[in-house]
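Report on the following structure.
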Amino acid sequence: MSILKIFYICHRESMAGGKIVKAKPARGAAGSSNHYQGGISFHKSKGQHILKNPLLVDSIIQKAGINSTDVILEIGPGTGNLTKKLLEAGKSVVAVELDPRMVLELQRRFQGTPFSNRLKVIQGDVLKCDLPYFDICVANIPYQISSPLTFKLLNHRPLFRCAVIMFQREFAMRLVAQPGDTLYCRLSVNTQLLSRVSHLLKVGRNNFRPPPKVDSSVVRIEPRKPAPVVNFKEWDGLVRICFTRKNKTLGAIFRQKRILSIMEKNYKTLQALQLSQSTDDQMATDASVLGDSGELTMLTDDDDDDNDDDMEMDDGEKKGSDFKEKVLGVLKQGEFEEKRSSKLAQADFMHLLSLFNQAGIHFS
């Protein structure tokens, strides 16, 4: 080792109190944990993963089937990579963005361009703000809002033509799962009741900056027109119970003490309301209110099996036995007692709901 090199090392150690100082990597350089675009850092905790692959952006635009007359809703536009392509394809874009830094970047990026008067940016939480009219939704969303956002869109009126959305891959697979699939669940049943769902393409994590921990998928959601004639709260109340143990028989599920207790309480409440109201229309209005605060909302998909409250009710127990027989009678009537939720199609759940309703049993 040369004398000059030894001198350089000793000098550097003395300047650092005896420790060798490693130079910090430049912002955005390899090895840095921060990710930037246009001088803006992205936060994984907020679900900020920006599409960096232009070919993928073009593919999403193509598969969305955007018309030149379409008003497009974009959720979580970030710095505007997808927004620019949407503006080129449609009539106008309404972009909903929570991060004020991204809002400023969007405004700066399109200011003074032909797109400036065709872009409206709404700063706020998409789950809390009122959405304007739109024909189509194209979005790369924060994955933590996937479920509530999906149903907010499906409840939006007037109905839009379709939504093409980037989801976490497992969530996307649940949306499109069919009876008998491992991922088939309450989310699958409810989404497919209200819409036609199709998987468009798988997207690897390296197409984003910063890359998320999981792969993604692009899904197309088309609201059913006309909307199905069913009380959704009533429907979801039944489906929620059925999927508490989706691989058990419905006979076993509806014998559980907790479920029978909740159903019987709801049944007696509805009977009392029916006696006190003079018309069926008023009765329906009152029943719908129960869905907002009823105990059925406490049930979750595939709860822990080790729960004493879920023990089957003994046939010898007098309390609730009449109601239990009423419930099991409905299952036997439709030959559902030995069937499993994981195998039932939309038509099966619709038939089961109609049988319960005919017996005076409701779930909202």
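How large are Rg and Dmax for the stretch 160-217 when calculated on the C-alpha trace, in angstrom?
12.5, 36
Roughly to the nearest percent, how much of the accessible area of the stretch 50-130 is carbon and sulfur, given a 1.4 Å probe?
51 percent
Over all alpha-carbon pairs in the stretch 83-235, figure out the percentage whose distance exceeds 23 Å.
Cα-Cα pairs of the stretch 83-235 separated by over 23 Å account for 43 percent.
Please list, in order along the stretch 79-86, the HN-Hα scalar couplings obtained from phi with the Karplus expression 6.51 cos²θ - 1.76 cosθ + 1.60 (θ = phi - 60°), rounded to whole Hz, x for Gly and Pro.
8, x, 4, 6, 4, 4, 5, 5
With a cut-off of 8 Å between alpha carbons and a minimum separation of six or more residues, what is the relative contact order of the stretch 114-185 in percent?
Result for the stretch 114-185 is 31 percent.
Along each of its three principal axes, how wide is the spread of alpha-carbon positions in the stretch 96-148, in whole angstrom units, largest first?
37, 26, 18
How would 69, 113 line up by accessible area, probe 1.4 Å, largest first?
Result, largest first: 69, 113.
Determine the per residue accessible area of the stretch 51-178 with all protein chains present and a 1.4 angstrom probe, expressed in square angstrom.
44 Å²
Give the relative contact order (percent, whole number) for the stretch 86-206; include only Cα pairs under 8 Å separated by 6+ residues.
Relative contact order of the stretch 86-206: 19 percent.
At 37 °C and 0.692 mPa s, what whole-number value in µm²/s does Stokes-Einstein give for the translational diffusion of the stretch 186-234, with Rh from the Kirkwood sum over Cα pairs?
Rounded, D is 252 µm²/s.
Please list 3J(HN,Hα) in residue order for the stretch 214-230, calculated via the Karplus relation 6.51 cos²θ - 1.76 cosθ + 1.60 where θ = phi - 60°; whole Hz, with x for glycine and proline.
10, 7, 10, 8, 9, 10, 9, 10, 10, x, 6, 10, x, 5, x, 7, 7
Can you give me the solvent accessible area of residue 325 with a 1.4 Å probe, rounded to the nearest 10 Å²?
Estimated to the nearest 10 Å², residue 325 gives 100 Å².
For the stretch 140-261, give the percent of accessible area contributed by carbon and sulfur heavy atoms, probe 1.4 Å, rounded to a whole number.
50 percent
The values are calculated or read from the model by the stated rules, or taken from the named source; none is laboratory data. Computed from a prediction, not measured in an experiment: that's the story for all the values here. All accessible areas refer to the heavy atoms of the entire protein, side chains included, with ligands and DNA or RNA removed. Shrake-Rupley method; radii C 1.70, N 1.55, O 1.52, S 1.80 Å.
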